[in-house]
Amino acid sequence: MPTRASYDRFAVDELIRYRDGVVRTAELRALGMPAASITYRYRPGGPWQRLLPGIVLTHSGPPTVGQRLHAAFAYCGGGATLTGLAALRLYGAMHLPTDPALHVLVPHKRHRNSSGFVIVERTIRLPEHRKVRDFACAPIARAAIDASRRLTNLAQGRALLAEVVQRRMCSPRELTNELREAQIRGTALPRRVLREIRGGARSVAEADAKRVLAAHHLLPALWNCDIYDEHGQWLACPDAVWLELGVVLEIDSLEWHLSPADYQKTQARHRRMTAAGLLVIHVTPATIRDAAPEFLGELRRTLATAARRLPPRVTIHARAA
């Protein structure tokens, strides 16, 4: 055990309080705390712990999310910018895979290696950051593309990019522009998902439905189009429509539509469309995914019924991707 050294304990305590318990060992030494005393405190079983090279947490319990973020920024230095999944979580995204790693961008001239829970990426394209809960974060489009480039699971990539578009956190154009500037490595997955989004599949369930319908050679549908009645009044923008038959597909999900109020709006759309003579099929994402034959059977029967009647007088306008 090192001998008790004389240093400014008040200043050290103030630093620890100000930094939420996350401090650089260099700062402690600058206040006169001997290196041996610091090392002794974060020894195995000691009262402190080492989070990252040169960064200690001044208690032995699990670090909070905020303490991990503070440690990552302290380790990476000035100009560091959080991106990827961790940044998207701060922005409020929900449909994200579990990953404890923090992806941090640093200026290309800075030599800093990834360590522990921090993935360090040197970049010549350091974005202008936004402060989110006091942390410097990359813009949402950059964070989403950086996150998707590191994913290998297509369903997770679809969920991630579909959410940021569906919730209007960023636009397909912003994602496409960001992807165009990104490194080629790891871009196959986001390129595929963005092609689906530009084709109109704004949610994972819509993408699943498109694949099921294409695989079984049903009549092609139009996706995410605004429908108007014969008087020019807007009715809805359903997931899919077979205009020549007057059949509409609505994929219902309380979770996807974000709130019970949004779900009530879905029901109001249903009433408007049926009043205009449209046949509306409601299906859940789980049915499309896990019970495709049941979904296809109902759809075929509805299309057959619609073919035996005159179609309703409605028109459509495709939305820009």
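None of the figures in this text is laboratory data; all of them are computed from the coordinates on show. Bear in mind the structure is a predicted one, so any value in this text is a computation, not a measurement. As a convention, Cβ positions derive from the backbone with ideal geometry for all residues, glycine included, and neighbour counts pool all protein chains shown.
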Measuring from its Cα centre, the stretch 204-318 shows a charge dipole (+1 at each Lys and Arg Cβ, -1 at each Asp and Glu Cβ) which, in debye to the nearest 20, is 360
Highest GNM mean-square fluctuation among Tyr228, Tyr18, Tyr75, for the chain with Cα springs under 10 Å, belongs to Tyr18
The helix 65-76 Cα axis meets the longest alpha-carbon principal axis of the chain at an angle in degrees, between 0 and 90 and rounded to 10, of 60
Calculating volume of the Cα convex hull per residue in Å³ from this structure picks out, from [x] 157; [y] 142; [z] 130, entry [x]
A chain fully extended from Cys237 to Ala30 at 0.36 nm per residue, minus the present Cα-Cα distance, gains in nm 68.3 nm
For the chain, the longest principal axis of the Cα atoms and the Cα long axis of helix 9-18 enclose an angle in degrees, to the nearest 10, of 0
antiparallel share of DSSP beta bridges within the chain, to nearest 5, in %, is 65
In degrees rounded to 10, the 0-90 angle between helix 292-307 Cα long axis and the longest Cα principal axis of the chain is 30
Taking 190-197, 214-221 and ranking on average Cβ neighbours within 10 Å, highest first, one gets 190-197, 214-221
Calculated from DSSP helices alone, with each H run of at least 4 adding -39500 (n - 2.57) and the total divided by the residues of the chain, [θ]222 nm to the nearest 500 comes to -12500 deg cm²/dmol
Cross-link reach from Lys131 to lysines, straight Cα distance under 28 Å and at least 8 residues apart if same chain, gives Lys109
With +1 at each Lys and Arg Cβ and -1 at each Asp and Glu Cβ, the charge dipole magnitude of the stretch 66-198 around its Cα centre, to the nearest 20 debye, comes out at 220
Burial-style ranking of 127-133, 115-121, average other-beta-carbon count within 10 Å with highest first, yields 115-121, 127-133
